[in-house]
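S.K.: Sending over a structure as structure tokens; questions will come in a sec.
Coordinate-derived values only; no laboratory data. Note that this is a predicted model, so its numbers are computed, not measured. Cβ sites come from the backbone with ideal geometry, for glycine too, and all protein chains shown count toward neighbours.
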Amino acid sequence: MSPGDEQKNAWTPAAYGAARATASGAAVFCMVVCALMVINHVRTTAADPLDSPALQRLIAQLAESGDDPIVREQVRAVDLLVRKAYFTSERFQRVGAWLLGGGIAVMLAALHVMRLISRDVPDVMALPAEQDTMQPPTLARWLVAAVGLGVVTVAIVIVARSPAGLPTDDLAAQLERVPETAVAAPSEAQVLDNWPSFRGPFGSARSNTGTAPTAWDASSGEKILWRASVPKPGFNSPVIWGDRVFLTGADAAAEEIYCFDADTGELIWTHTVSHIPYSPATTPAVSADTGLAAPTAAVDGRRVYAIFATGNLVAVDFAGNMVWGFNLGQPENPYGHASSLMTWEDLLLVQFDHDAGGNLYAFDSATGRLAWHVSRDVFASWASPILAQIDSGDSVVLSASPFIEAYNPEDGSLVMSVDCMGGEVGPSPAFDGELIFAANAYALVASIDPAKGSVVWESYDHLPDVSSPLAADGLLWLATSDGTVACFDASEGDLLWIHEFDRGFYSSPVSAGGNVYLTDRSGVTHIVRKGREFDLVGSASIGQACVTTPAIVNGRVYLRGETELFCIGE
Amino acid sequence: MKGLLIAVVFLTLSGVATAPAAGAGRYPEPDFESGYVIPTATTPAPNAPSWEYLHLVVLAAVLAVTALLVLKVRYRAGVYILMIVSLAYFGFWRQGCICPVGSQQNVILGISDSSYTVPIFVIGFFFLPLVTAVFFGRVFCGAVCPLGAVQDVVALRPVRIPEWLEHALRMVPYVILSLMVLFVATGAGFIVCRYDPFIAFFRLSGSAFMVTVGAVFLIAGIFVARPYCRFLCPYAVLLSWGSRLSWLHATITPDECVKCRLCENACPFGAIQKPTPERIAEPRERGVKRLALLSLLLPLIVAAGMVAGWYAGTPLSRAHKTVYTAEQVYMEEAGLTDQTTLESEAFAAAGRPAADLYEDAEQVRGRFRRGGALAGAFLGVVFGMKMLSLSIYRQRDDYEINKAWCLSCARCFNYCPREQARRSGPREQDE
């Protein structure tokens, strides 16, 4: 033994004792800190400061006293107190965690010192005797196999214990609705024979089924075939397929779709929209002249489709049963959603331009599944889509600020985009077979060559802010909110004539036979002969306010007034 | 022993007691006007890239010094001090992130998702310890990894785990690695980070569950040295592969083994392999037959793993937010539940049709099934190869280090009389 070793042995017991004392002291310290933290934790979690009896008592007292200012101050004082207590206890835990960490570190260090000091040379004699034969690692092999089997077993258990009631395979397939009897999409001829969307076939505002009455009077009943009350309000216009007329209506209580008999006016069924997941719990704030049911429904002979200010989008079959429905998200715009729906073959097209972004959706009309979606860099708009034939292919044309755009309805690819529009766009575009027309108040009326994607002509007078333009027979008709009707040469943009009526127009002009039907806000329809000069054929009234657009099919005019639906004909 | 028991009690209590301290405090605003202006919530700015590169330089430096201490100086105290420094720096100061264990996930995501770019310093954190392992063994585990360090300091009374059990338990990290790759590659998330048992200690913040899990690991770590590193860590799998090939590796003895048996129980991680007797206790034919049988079974084991992985893919896909949300929305739509979740409410607010979500979920499920099959096949290969390797006898004449299991902690050096002689060599020569 060297002198150094002797000296080491002399202080070893002392060092060991010091380390043990340190470890014990640190242990006691940690125990105290732990105990305090546990007590604090139990107290904090057991007594939720928000449920403080004193605070609750005072709040109740405040309610009884009718907002007594003294009690109110007491509530505030107690509230402040419980908040302070809460944050103090939180701080206590945080400081405690640091102290505990420090205590444990000291304790561990002392324990390591004790280990180092007390460490002896391993006792080789105590080790098991060396073997003279190598034992094969059979147990290890089996155990590895057991772990492998255990992993497989766990996998099987996970699969077997998958929560019942949930589709585990092909989730989307299991959610398929029961397929309807396959009915082909309507042909162009069928569309032209009906009035399937806002402003008629393809949104053209042109009736293809002959002439319509030029005189009627609701007060005397002249040429009023029937009139029917509409249960709930709505500024949407009638759509017609065969012998069915469809409308929608909504108030804070419910959203409804109505089906009327086109011949008798009988309300065949009412579908109340319900069980739409994520439908807003509260009625969205909308302006009085937009309401909760401004968008016009669309119909394709198989189903009727409707959208409301809540963003609820539903498809209902001709028997009034919901086929599919979901909430598209509550539109964010200052007046309420107003863009109407349009169908194209087996797709439902939804213009959904709001403050959160511009969108054009195409949903499978049978299932509601998204076929494609286009995000549009436009401001909120209230216009509706129309269909136009551009380069011998169908295009869906949208008007919004700042773009007039056309998309291929097959895949949503952009066909045309013209930067010319401004303001809060309400009027929908029009198409006369060659040119696209778009107009909006405080902006312009523009004629666009869709093949070139350029403006042919533009004008800045007599602009509508709600009513949509009508393009027919080489003429462009605009009806403004102040009662002015202007007629332009469609190809050159020359103003042919203007005429000022007494009341303004929200309703869009519609062409039938050789006439244009312009319904003013008082419910008087002015029938003007299509021509390069103003020629009033007559004026006819339904006797109540009207902001909707007439549907003209088979010699009948269907017009929704403030409270009733009218059928006018011979 | 008393001290040990006290330590157990405190570590348990610390888990319970720190949990409430850890939870981020939330308290609703007063429901009346008090004139107090609620401060705008802010989030701390991320570290500047220059800082991250500095951390990378520190990592490289610590790895280099550790390699020097283990391979050249052979100095356990130095390694231990470096480990404490690393624990303080990479653990408590850097709050355990980003660590090489977690960086694997970034790298996998970078490979599987072309829209995700892995930062250079993250790639550095992933590859540096691996490259070091290929050259010098698992020096990262020995003194650099904060997760290993926090377990090492509590390893006060480690017991030796039987070799047969050690072999079996060391298969678990392969399972974790497979799951980690599957979850990351399918976009389900970074599960290794989410269930890091020690991150709550490094950050002094975490859920009560994770704090408790961490405390349990530390308590277990008193008796079973570094349980996470040996039986769970997925990065250890990669490091052990690198270490098997290492160019230089720590050895128990600086020169020759005298078979004194002093080091036999020195390694708390079971990484010291004894010399083997020359005779084998079973006929050679039996061993050959077993080897042949296992070789034939290997494709079946791989196939079984693939099938199990394929079918487990669907339920495992629930860890992905899209599938989870789709199933929740489905249950709500089908009227199976009245409860909504934050995810389903957010989905509803986004205004997308549920059918789209279901389609997305189905795609994710497909990825999980395919990924699950690959993971199962990988595990089949690993388990099959392990059983094969356990059927091949290797002759050892000396006490040797198992390169794959050795954590380069330098503990065994002090047990070797040849090492003691090396250290006192000049003095003895003087005498």
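S.K.: Put +1 on the Cβ of each Lys and Arg and -1 on the Cβ of each Asp and Glu in the protein assembly as shown; which of A:486, B:414, B:218 then has its Cα farthest toward the positive end of the dipole?
M.R.: My answer, from the dipole projection, is B:414.
S.K.: Distance between the C-alpha centers of the stretch B:49-70 and the stretch A:345-372? Whole Å please.
M.R.: 56 Å
S.K.: Another question about this same structure. Given the protein assembly as shown, what whole percent of its Cα pairs are spread farther than 36 Å?
M.R.: On the way: 330028 of 500500 pairs.
So the pairs more than 36 Å apart make up 66 percent of the total in the protein assembly as shown.
S.K.: While we're here: Among B:293, B:204, B:262, which one shows the highest mean-square fluctuation when chain B is modelled as a Gaussian network with alpha-carbon springs under 10 Å?
M.R.: Maximum among the listed residues: B:293.
S.K.: Starting from the Cα of residue B:403, draw a straight line to each of the lysines and keep only those under 23 Å, dropping any in the same chain fewer than 8 residues away.
M.R.: B:72, B:259, B:274, B:386
S.K.: Separate question: Select from B:344, B:103, B:408 the residue whose mean-square fluctuation is largest in a Gaussian network model of chain B (Cα-Cα springs shorter than 10 Å).
M.R.: Result: B:344 has the largest fluctuation of those listed.
S.K.: Roughly how many whole Å is it from the C-alpha centroid of the stretch B:248-322 to that of the stretch A:85-150?
M.R.: Using only Cα atoms to place each centre, the spacing works out to 23 Å.
S.K.: Work out, step by step, the length gained on full extension between residue A:539 and residue A:80: first 0.36 nm times the residue separation, then minus their alpha carbon distance; give nm to one decimal.
M.R.: Working: separation 459, 0.36 × 459 = 165.24 nm, distance 7.18 nm.
Computed gain between residue A:539 and residue A:80 is 158.1 nm.
S.K.: Additional query: Going by how many other Cβ atoms sit within 10 Å of their own, how do A:48, A:346 line up, fewest first? Please report the intermediate quantities before stating the final value.
M.R.: Values: A:48 10, A:346 16.
So the ranking, lowest neighbour count to highest, is A:48, A:346.
S.K.: Enumerate the lysines that residue A:232 could reach by cross-link, defined here as Cα to Cα under 26 Å, with residues fewer than 8 away along the same chain left out.
M.R.: List returned: A:223.
S.K.: Let me know the whole percent of all Cα-Cα pairs from chain A that are separated by more than 31 Å. Show your work: numbers first, answer last.
M.R.: Details: 100716 of 162165 pairs.
Tail of P(r) above 31 Å: 62 percent of Cα pairs.
S.K.: Could you give the dipole magnitude of the stretch B:307-372 about its Cα centre, charging the beta-carbon of Lys and Arg +1 and that of Asp and Glu -1, in debye to the nearest 20?
M.R.: Values: 7 positive and 10 negative charges, 102 e Å.
Once rounded to the nearest 20, the dipole reads 480 debye.
S.K.: For residue A:530, list the aspartates and glutamates whose Cα falls under 19 Å from its own Cα; do not include residues on the same chain fewer than 8 positions away.
M.R.: Candidates past the 8-residue exclusion: A:432, A:434, A:473, A:489, A:492, A:494, A:500, A:520.
S.K.: Continuing with this model, one more query. Show log10 I(q)/I(0) for the stretch B:284-334 at q = 0.24 Å⁻¹, two decimals, from a solvent-free Debye sum over equal Cα scatterers.
M.R.: Normalising to I(0) and taking log10 leaves -0.86.
S.K.: Related question: Rounded to the nearest 20 Debye, what is the dipole magnitude of the protein assembly as shown about its Cα centre when Lys and Arg each give +1 and Asp and Glu each give -1 at the C-beta?
M.R.: Numbers: 72 positive and 97 negative charges, 1657 e Å.
That gives the protein assembly as shown a dipole magnitude of about 7960 debye.
S.K.: Then there's this: Measuring from label point to label point, each 7 Å out along Cα→Cβ, what is the residue B:398 to residue A:54 span in nm?
M.R.: Going from the residue B:398 label point to the residue A:54 one covers 7.6 nm.
S.K.: Could you tell me the relative contact order of chain B? Use alpha-carbon pairs under 8 Å, at least six residues apart, and round to a whole percent.
M.R.: On the way: 598 pairs, mean separation 98.4, N = 431.
Averaging sequence separation for qualifying contacts and normalising by length gives 23 percent for chain B.
S.K.: Report the FRET efficiency, 1/(1 + (r/R0)^6), for residue A:355 and residue A:149, where r is their Cβ-Cβ distance and R0 is 45 Å, rounded to 0.05. Could the numbers behind the result be given before it?
M.R.: Details: r = 59 Å, r/R0 = 1.31.
Between residue A:355 and residue A:149 the formula returns 0.15.
S.K.: Which length gain, in nm to one decimal place, applies between residue A:142 and residue A:375 when the Cα-Cα distance is subtracted from 0.36 nm times their residue separation? Working shown, then result.
M.R.: Details: separation 233, 0.36 × 233 = 83.88 nm, distance 5.97 nm.
Additional length available on full extension: 77.9 nm.
S.K.: Before anything else, pin down the relative contact order of chain A: Cα pairs under 8 Å, at least 6 apart, normalised by residue count, whole percent. Don't skip to the answer; put the middle values down first.
M.R.: Details: 1248 pairs, mean separation 61.6, N = 570.
About 11 percent, as a whole number.
S.K.: For a quick check of your reading of the filter: which trypsin sites (Lys or Arg not before Pro) in the stretch B:209-280 sit in a DSSP loop and have no more than 15 other Cβ atoms within 10 Å? Write out the running numbers ahead of the final one.
M.R.: Details: sites: B:230, B:244, B:259, B:261, B:279; in loops: B:259, B:261.
Sparse-neighbourhood loop trypsin sites (Lys or Arg not before Pro): B:259.
S.K.: Order these by the 10 Å Cβ neighbour count, fewest first: A:521, A:199. Walk me through the intermediate numbers first.
M.R.: On the way: A:521 16, A:199 26.
Ranked by crowding around the Cβ, least crowded first: A:521, A:199.
S.K.: Can you give the helix-only mean residue ellipticity at 222 nm for the protein assembly as shown, where every DSSP H stretch with n ≥ 4 adds -39500 (n - 2.57) and the sum goes over all residues, rounded to the nearest 500 deg cm²/dmol? Mind dumping the intermediate values first?
M.R.: On the way: 25 runs with 400 residues, N = 1001.
Per the formula, -13000 deg cm²/dmol.
S.K.: Hey, rough spin-label estimate for residue B:385 and residue B:207, points 7 angstrom out along Cα→Cβ, what's it come to in nanometres?
M.R.: For residue B:385 paired with residue B:207, the spin-label model returns 3.5 nm.
S.K.: Between residue A:211 and residue A:321, what length in nm is gained on full extension when 0.36 nm per residue of separation is reduced by their alpha carbon distance? Intermediate results must be reported in sequence, preceding the final value.
M.R.: Numbers: separation 110, 0.36 × 110 = 39.60 nm, distance 3.44 nm.
Residue separation times 0.36 nm, minus the Cα-Cα distance, leaves 36.2 nm.
S.K.: Continuing with the same structure: Report the charge-dipole magnitude of chain A in Debye, nearest 20, computed about the Cα centre from +1 at each Lys and Arg Cβ and -1 at each Asp and Glu Cβ.
M.R.: Here the size comes out at about 2820 debye.
S.K.: Considering Cα pairs under 8 angstrom that are at least six residues apart, work out the relative contact order of the stretch A:390-480 and quote it in whole percent. The partial results should precede the final answer.
M.R.: On the way: 220 pairs, mean separation 19.1, N = 91.
About 21 percent, as a whole number.
S.K.: Quickly work out the residue A:332-to-residue B:370 label distance, labels modelled 7 Å from Cα along the C-beta direction, and quote it in nm with one decimal.
M.R.: That separation, rounded to one decimal, is 3.7 nm.
S.K.: Oh, and also: Tell me which of A:536, A:341, A:366 sits at the most positive position along the dipole axis of the stretch A:188-568, charges placed on C-beta atoms (Lys, Arg +1; Asp, Glu -1).
M.R.: A:366
S.K.: So what's the gap between the Cα centers of the stretch A:477-531 and the stretch B:106-140, to the nearest angstrom?
M.R.: First find each Cα centre; the distance between them is then 72 Å.
S.K.: For the stretch A:433-570, what Kirkwood radius comes out of the mean inverse Cα-Cα distance, in Å?
M.R.: On the way: mean 1/r = 0.0660 Å⁻¹.
For the stretch A:433-570, the Kirkwood estimate is 15.2 Å.
S.K.: Moving to a separate point now. Taking Cα atoms, how many degrees apart are the long axis of helix A:53-65 and the longest axis of chain A, rounded to 10 and kept between 0 and 90?
M.R.: 30 degrees
S.K.: What residue among B:306, B:384, B:340 has its Cα farthest toward the positive end of the dipole of the stretch B:284-389, where the charges are +1 on Lys, Arg and -1 on Asp, Glu, each on the Cβ?
M.R.: Positive-most Cα among the choices belongs to B:384.
S.K.: Let me know the Kirkwood hydrodynamic radius for the stretch B:243-393, please, with Cα pairs as the basis and the value in Å to one decimal.
M.R.: Details: mean 1/r = 0.0483 Å⁻¹.
Radius from the Kirkwood sum: 20.7 Å.
S.K.: Which net charge results for the neighbourhood of residue B:229, defined as the other residues with beta-carbon distances under 12 angstrom from its beta-carbon, given Lys and Arg at +1 and Asp and Glu at -1?
M.R.: Working: positive: B:138, B:170, B:226, B:230; negative: B:152.
With Lys, Arg at +1 and Asp, Glu at -1, the neighbours total +3.
S.K.: Now, a different point. Using a Förster distance of 51 angstrom, determine the FRET efficiency expected from the C-beta separation of residue B:346 and residue A:109, and round it to 0.05.
M.R.: Values: r = 49 Å, r/R0 = 0.96.
The formula returns an efficiency of 0.55 here.
S.K.: Based on the Cβ-Cβ distance from residue B:50 to residue B:114, what FRET efficiency comes out when R0 is 30 Å, to the nearest 0.05? Could you put the intermediate results ahead of the total?
M.R.: On the way: r = 27 Å, r/R0 = 0.92.
Efficiency, rounded to the nearest 0.05: 0.65.
S.K.: Looking at the square roots a ≥ b ≥ c of the eigenvalues of the Cα gyration tensor of chain B, which shape do they give, rounded for a/c under 1.5, prolate if a/b is larger than b/c, or oblate?
M.R.: Numbers: a/c = 2.17, a/b = 1.40, b/c = 1.55.
It is oblate, given that a/c is not under 1.5 and a/b is not larger than b/c.
S.K.: Which residues' amide hydrogens lie under 5 Å from the amide hydrogen of residue B:396, considering only partners 5 or more residues apart or on another chain, with H built in the peptide plane?
M.R.: Amide H to amide H, under 5 Å and 5 or more residues apart or across chains, residue B:396 pairs with B:276.
S.K.: Next question, about the same structure. If you take the alpha carbon radius of gyration of the stretch A:3-117 and divide it by 2.2 N^0.38 Å, what ratio comes out, to two decimals?
M.R.: Numbers: Rg = 25.4 Å, N = 115, 2.2 N^0.38 = 13.4 Å.
The stretch A:3-117 yields a ratio of 1.90.
S.K.: Would you mind telling me which residue in B:39, B:417, B:275 has the biggest mean-square fluctuation in a Gaussian network model of chain B, where springs connect alpha carbons within a distance under 10 angstrom?
M.R.: Residue with maximal mean-square fluctuation among B:39, B:417, B:275: B:39.
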